[in-house]
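Trainee: Please read through the structure below; I'll follow up with questions.
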Amino acid sequence: QNVTLRMSTWLPPRHHLVADTLPTWIKTIEEASGGTLTIKIDPAPIAKPPAQYDVVRDGAADMAYHVAAYTPGPFEILRGLELPFLSPNGEIGSQAAYDWYDRNIGFDKEFKDVKVVTLMVHGAGAIHSKKSITKLEDLEGVKLRVGGGGVRMSEALGATPVAMPAPQAYEAIQKGVADGAMFPFEGVRGFKIGELTDHHLKIPGGLYTTVFAVMMNRAKWDALSDEHKKVLTEQGGIAGAKILGAGWDRADEAGLEVATADGGMVHELSPEEVARWKEKVAFMNEDWIKRADDAGLDGKALLADLIATVEKYSK
Amino acid sequence: MERITKTISNWLAAAACVVLVVLMLITFFDVVGRYFFDAPLTFAVELIGLNMGLLVFFGLAITTLNRGHIAVDLVSAASPPAIRRFLARIAAIAGSVFIALMAWRLWDRAGNFMSDGLVTDILAFPIYPIVMIMSATAGFTVVIAVYQIFFATDQAPQAHFTPDEEA
Amino acid sequence: MDPFTIGTVAFLGLFVLLILTVPIGFAMGLVGLVGMAAIIGWGPALSLFGTTVYENTVTYSLSIIPLFVLMGSVASRCGLSKELYAAFNAWFGAFRGGLALATIGACGAFAAICGSSVATAATMSQVALPEMQRYKYAESLSTGSIAAGGIIGILIPPSVVLVLYGVLTETSIGDLFIAGFLPGILTIIGFMLVISIVTRIWPEMGAAGEKTSTREKFAALGRTWAILLLFLLVIGGIYFGVFTPTEAAGIGAVGAFGLSALRGRLTFANASAALMETVQTTAMIFTILIGALTLNNLIVFSGIAGALSGFVSGLDMSPMAIMAIILLIYLVMGCFLDALAMILLTVPIFFPIVTALGFDPVWFGIIVVMVVELGLITPPIGMNVFVIKGMAPHVKLYSIYVGVIPFVLAQLVLIVAVFLIPEIALWLPETARAFR
Ligand code: NA
Ligand code: NA
């Protein structure tokens, strides 16, 4: 029998995730189920981004994509993916995320109240600014718009963090309250940052990323037929992570095109600089290892395995 | 009864005033720090967020006590006192139910936040105690609203200010 | 019952509750919650309601409201606004409706820069309302011009609503900002014309005062330095990028305290009265906000928006006629919905239809924003009107709505003008593009 799952959303409808990336993945589910299982994305948001986990847990929507970083506390182990210079792009990072997390942690610890269908991360974190930034010294005194997670990183790099919600980034840069922002290239288009910044710094390996869990309501999952569960298991997991991550990479390419079309300068951080930056933010790895240790895990081994897993999918 | 609720409401309102001043000073020092010392209060956003929750719910009791919630007063303005009292009763019932729902749902949220271990981003400050406080003050406001069902007023609302009480 | 019927019944229910004098926030919230429960069940509906309450109180961005209210309250309690209106009176008081004209100007300037209509209404009703009453202006004219003055700012950059539209539709925010400028100025002129006409017909609503000597004029102007400095601090700080509008509210509040202290007016009584007033106003505004957003959720679930889109795209009419119908739908929805929520809900649905018909996305954006801002002052649910009512409980809601009627008419005329003559919105951005 035909099943339609309702997916909650909070990004603008023209954002690639809603317009391209998720639909591409949903199509593989429809095809694999012979058209009997489909996912419909809501026309408008019913709750703010940090509430998406609760929306799914309590059944206000069947599915949602939740940003782990928006609810600090419960998903700290999964947030290891956010560590600096770890995930080079969406496709690699997303697959590695699912593989590593499923193998080492499992979804019954941090996500026990929902069914996680797959995971995804966005492309390499980059810096978009009014003035040119190519080395550590250039960041001195630069006011960078960051989400909460980027505060300590930008401080460590010598910039002045201006923490505010992403939709306020445009106005802050336009007004000069911020001189630039940390976003993947996708944000040049998605949040229109390219209109205001002329310099875009590509950071090999990615300065940071953000991890999203694509989740489903537990009861809704239990009520699915075995065939539909099989379809979601096969099209979700690592396979789904690959498709979704590739969508983020497509969006980054589109953002890069917009950045250059607007007459922006695209720089790339040199290997020597990458080494210097890595040193400045190395403490973030240590912090995460300690957090994992505190949770009764072997943080050091986990991080080593995460790096190895990313390596595996980079080939 | 009336005296106790009034006293507690006033104390809550005083607490709200303190929260408001704190809100103002955090914003001020964040901007000053950013411009003059390259040292913004990085936790300003999350601290302001939590304080906003306290401000709204600390102020809810006194606002409800003073019947400060706006209604469409077309009918009541044109009605005799008996009808006005009847309408005030309906309003108080609706207020009791709505505020009770807020209190209950916030308590439920707080429970979730506690078991999830939800904390703020930078200070890693647990969020559930704040939400519990919000829920408790909403719960106290329900008492006021229920009281207003039984002792409904037939008065039209009073002015907050008149031009001449100023400096 | 299907969701669409539930939505319709809910709106009838809302009307009944409002007529029964149930406070607006409670009425919207209860109807929204019960309607949602009917569609998705009590468990999910209650959960979502809790989320709405939490996410819209514990939130950084909304601190702009209490802090600007505090600024206005301090300025009013400590007599700074009294000085401003004494100067307005000295300079413009000899004209019929002069103070209302000055209020439109002051509201427009404040709203244009701070970008929040509700924050403007809350601030200016404390600054301007007691003063216009002091000079015996009619309640309807004084509250009407504050309510109307507040909506001007949405079109003139910076504008939260235009940024949201740009991000939703991938339209250039720069172009939208430039396009909003001329209609914004025309709105100010239109509102000023309205005041002149109204006070010509009913002179007693804003009676002309006595002429003052040049010497008195400048003496009055000299005494306004404190409040002028406060406005300059807030507006200049935002304009030159020293702080964001949200931060400006905090800076403005500190500034109001500081300047009142400099003027020797900051007594404990004044300060605590201003704080208490702000606390109560904040609780009142957020109760309405929670109610409005709960109701918005019901509308998302009811599928009304989807049904309307199906209806419009199925119409076999000329593009202009379809556009006119979309406009009408917006006007009707504006009567009920919160401005930001309305953009979030409707733009994704109508934007593809409108662009498929070949209309300009920038032009549509300006029209939508003009209609949505009109919704802030139209009955039954007009956020600006509620805020003013909250500030001045002794004023009948009815007289505020009467007061805004002429401004609504003027804004309607302007919307039709931009609709028929797109150049009003598009001329500036096109010229700017030619120079780029
Ligand atoms: Na503006
Ligand atoms: Na309205």
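The values are calculated or read from the model by the stated rules, or taken from the named source; none is laboratory data. Quick caveat, the model's predicted, so the values are computed rather than measured. Backbone-built Cβ (ideal geometry, glycine too); neighbour counts: all protein chains shown.
Trainee: When the residues of the range C:268-280 are narrowed to those that are more than 8 Å from chain B (Cβ to nearest Cβ) and either within 16 Å of the chain's Cα centre (by Cα) or not aromatic (Phe, Trp, Tyr) (or both), which ends up nearest to B:GLY53 (Cα to Cα)?
Mentor: C:ALA274
Trainee: Here's a follow-up. Taking the condition of being in contact (Cβ under 8 Å) with a residue 40 or more places away in the chain and either touching a strand residue (DSSP E or B) at 6+ places or on another chain (Cβ under 8 Å) or assigned to a helix (DSSP H, G or I) (or both), how many residues in the range B:8-44 meet it?
Mentor: Pass one, the range B:8-44, residues in contact (Cβ under 8 Å) with a residue 40 or more places away in the chain: B:8-10, B:12-13, B:15-16, B:42-43.
Remaining after also requiring either touching a strand residue (DSSP E or B) at 6+ places or on another chain (Cβ under 8 Å) or assigned to a helix (DSSP H, G or I) (or both): B:8-10, B:12-13, B:15-16, B:42.
Residues meeting the conditions: 8.
Trainee: Name, by its number, the condition in (1) more than 16 Å from ligand 2 (Cβ to nearest atom); (2) more than 17 Å from C:THR123 (Cβ to Cβ); (3) at the interface with chain B (Cβ under 9 Å from one of its Cβ atoms) that does not hold for C:VAL254.
Mentor: It fails just one condition, (2).
Trainee: Does the range C:371-379 contain at least one residue that is polar (S, T, N, Q), within 14 Å of chain B (Cβ to nearest Cβ) and within 14 Å of ligand 2 (Cβ to nearest atom)?
Mentor: yes
Trainee: Turning to a different aspect of this structure: So A:PHE107 clears everything in (1) surrounded by fewer than 20 Cβ atoms within 10 Å (Cβ to Cβ); (2) within 14 Å of chain C (Cβ to nearest Cβ); (3) in contact with a strand residue (DSSP E or B) (Cβ under 6 Å, 6 or more places away or on another chain) except one condition, right? Which one?
Mentor: Every condition holds for A:PHE107 apart from (2).
Trainee: Looking at A:THR197, A:THR210, which one is in contact with a Pro (Cβ under 9 Å, 6 or more places away or on another chain) and under 30 Å from C:THR171 (Cα atoms)? Outline the logic, then answer.
Mentor: Details: A:THR197 fails: in contact with a Pro (Cβ under 9 Å, 6 or more places away or on another chain).
Just one listed residue meets the conditions, A:THR210.
Trainee: Residue by residue through the range C:54-101, note down the ones that are surrounded by 22 or more Cβ atoms within 10 Å (Cβ to Cβ), free of Cβ contacts under 8 Å to residues at least 40 places away in the same chain and among the hydroxyl-bearing types (Ser, Thr, Tyr).
Mentor: Result: C:TYR54, single match.
Trainee: Residues in the range C:140-179 that are near ligand 1 (Cβ under 10 Å from one of its atoms), more than 9 Å from chain A (Cβ to nearest Cβ) and either surrounded by fewer than 24 Cβ atoms within 10 Å (Cβ to Cβ) or closer than 22 Å to C:LEU101 by Cα (or both): how many?
Mentor: Number satisfying all stated conditions: 5.
Trainee: Still on this structure, I have one more. All but one of (1) within 16 Å of ligand 2 (Cβ to nearest atom); (2) touching a His at 6+ places or on another chain (Cβ under 7 Å); (3) not hydroxyl-bearing (Ser, Thr, Tyr) hold for C:PRO393; state the number of the condition that does not hold.
Mentor: Unmet for C:PRO393, out of (1) within 16 Å of ligand 2 (Cβ to nearest atom); (2) touching a His at 6+ places or on another chain (Cβ under 7 Å); (3) not hydroxyl-bearing (Ser, Thr, Tyr): (1).
Trainee: Any chance the range C:389-399 includes a residue that's of a type in the set (D, E, K, R) and crowded, with 24+ Cβ neighbours inside 10 Å? Lay out the reasoning, then the answer.
Mentor: Here is the first cut: in the range C:389-399, the residues of a type in the set (D, E, K, R) are C:389, C:396.
Checking the rest, the ones that are also crowded, with 24+ Cβ neighbours inside 10 Å come to C:389.
Scanning the range C:389-399, I find at least one residue that is of a type in the set (D, E, K, R) and crowded, with 24+ Cβ neighbours inside 10 Å, so the answer is yes.
Trainee: Among the residues that make up the range C:380-387, is at least one of them more than 13 Å from ligand 2 (Cβ to nearest atom) and in contact (Cβ under 8 Å) with a residue 24 or more places away in the chain?
Mentor: There is no residue in the range C:380-387 that is more than 13 Å from ligand 2 (Cβ to nearest atom) and in contact (Cβ under 8 Å) with a residue 24 or more places away in the chain.
Trainee: Kindly provide the set of residues from the range B:53-109 that are at the interface with another protein chain (Cβ under 8 Å from one of its Cβ atoms) and of a type in the set (Gly, Ala, Ser), ordered by number.
Mentor: B:GLY53, B:GLY59, B:GLY68, B:ALA71, B:SER76, B:ALA77, B:ALA88, B:ALA91, B:ALA94, B:GLY95 - these are the residues of the range B:53-109 that are at the interface with another protein chain (Cβ under 8 Å from one of its Cβ atoms) and of a type in the set (Gly, Ala, Ser).
Trainee: Could you go through the range C:381-403 and let me know if any residue there is more than 29 Å from C:GLY32 (Cα to Cα), of a type outside the set (Ser, Thr, Tyr), more than 14 Å from chain B (Cβ to nearest Cβ) and more than 16 Å from ligand 1 (Cβ to nearest atom).
Mentor: Within the range C:381-403, one or more residues are more than 29 Å from C:GLY32 (Cα to Cα), of a type outside the set (Ser, Thr, Tyr), more than 14 Å from chain B (Cβ to nearest Cβ) and more than 16 Å from ligand 1 (Cβ to nearest atom).
Trainee: Restricting to the range C:257-266, and then to whatever is out of contact with any Phe, Trp or Tyr (no Cβ under 8 Å at 6 or more places or on another chain) and in contact (Cβ under 8 Å) with a residue 24 or more places away in the chain, can you tell me which residue is nearest to the other protein chains (Cβ to nearest Cβ)?
Mentor: Among those that are out of contact with any Phe, Trp or Tyr (no Cβ under 8 Å at 6 or more places or on another chain) and in contact (Cβ under 8 Å) with a residue 24 or more places away in the chain, it is C:ARG265.
Trainee: Has the range C:295-309 got at least one residue that is within 13 Å of chain B (Cβ to nearest Cβ) and touching a Leu at 6+ places or on another chain (Cβ under 8 Å)?
Mentor: yes
Trainee: Right, something else. So A:ILE39 clears everything in (1) among the aliphatic types (A, V, I, L, M); (2) crowded, with 22+ Cβ neighbours inside 10 Å; (3) under 16 Å from the mean Cα position of the chain (by Cα) except one condition, right? Which one?
Mentor: Going through (1) among the aliphatic types (A, V, I, L, M); (2) crowded, with 22+ Cβ neighbours inside 10 Å; (3) under 16 Å from the mean Cα position of the chain (by Cα) one by one, A:ILE39 breaks only (3).
Trainee: Given (1) assigned to a helix (DSSP H, G or I); (2) in contact (Cβ under 8 Å) with a residue 40 or more places away in the chain; (3) facing another protein chain (nearest Cβ under 7 Å); (4) touching an Asp or Glu at 6+ places or on another chain (Cβ under 8 Å), identify the lone condition not met by B:ASN112.
Mentor: It is condition (2) that B:ASN112 fails.
Trainee: So which of C:VAL416, C:VAL387, C:VAL354, C:VAL332 is within 19 Å of the chain's Cα centre (by Cα) and farther than 15 Å from C:ILE288 by Cα?
Mentor: Exactly one of C:VAL416, C:VAL387, C:VAL354, C:VAL332 is within 19 Å of the chain's Cα centre (by Cα) and farther than 15 Å from C:ILE288 by Cα, namely C:VAL332.
Trainee: Read through the list (1) surrounded by fewer than 19 Cβ atoms within 10 Å (Cβ to Cβ); (2) in contact with a Gly (Cβ under 9 Å, 6 or more places away or on another chain), then give the number of the only condition that C:GLY7 fails.
Mentor: Condition (1) is where C:GLY7 drops out.
Trainee: Return the only residue of C:LEU344, C:LEU331, C:LEU327 being within 15 Å of ligand 2 (Cβ to nearest atom), closer than 30 Å to A:TRP10 by Cβ, away from chain B (no Cβ under 14 Å) and modelled with pLDDT under 90.
Mentor: C:LEU331
Trainee: Looking at (1) more than 22 Å from C:THR281 (Cα to Cα); (2) of a type in the set (Val, Ile, Thr); (3) modelled with pLDDT under 85, find the lone condition where C:VAL387 falls short.
Mentor: Failing condition for C:VAL387: (1).
Trainee: To continue, here is another question. Kindly establish whether A:PHE75 is over 19 Å from B:ILE122 (Cβ atoms) and either in contact with a helix residue (DSSP H, G or I) (Cβ under 8 Å, 6 or more places away or on another chain) or not small (Gly, Ala, Ser) (or both).
Mentor: no
Trainee: On the basis of being more than 16 Å from ligand 1 (Cβ to nearest atom) and either surrounded by fewer than 24 Cβ atoms within 10 Å (Cβ to Cβ) or free of Cβ contacts under 8 Å to residues at least 24 places away in the same chain (or both), does C:ILE349 make the cut? Spell out how you get there, then give the answer.
Mentor: Working: more than 16 Å from ligand 1 (Cβ to nearest atom): yes; either surrounded by fewer than 24 Cβ atoms within 10 Å (Cβ to Cβ) or free of Cβ contacts under 8 Å to residues at least 24 places away in the same chain (or both): yes.
Yes: the conditions hold for C:ILE349.
Trainee: Give the residue, chosen from C:LEU80, C:LEU46, that is within 27 Å of the chain's Cα centre (by Cα) and facing another protein chain (nearest Cβ under 10 Å).
Mentor: C:LEU80
Trainee: Pick from the range C:353-370 the residues that are farther than 16 Å from C:PHE177 by Cα and at pLDDT 80 or above: which of them is nearest to the other protein chains (Cβ to nearest Cβ)?
Mentor: For the range C:353-370, the residue satisfying everything is C:THR355.
Trainee: Do any strands (runs of 3 or more DSSP E) lying entirely in the range A:1-80 carry at least 1 residues that are among the polar types (S, T, N, Q), and which ones are they?
Mentor: A:3-7, A:37-41
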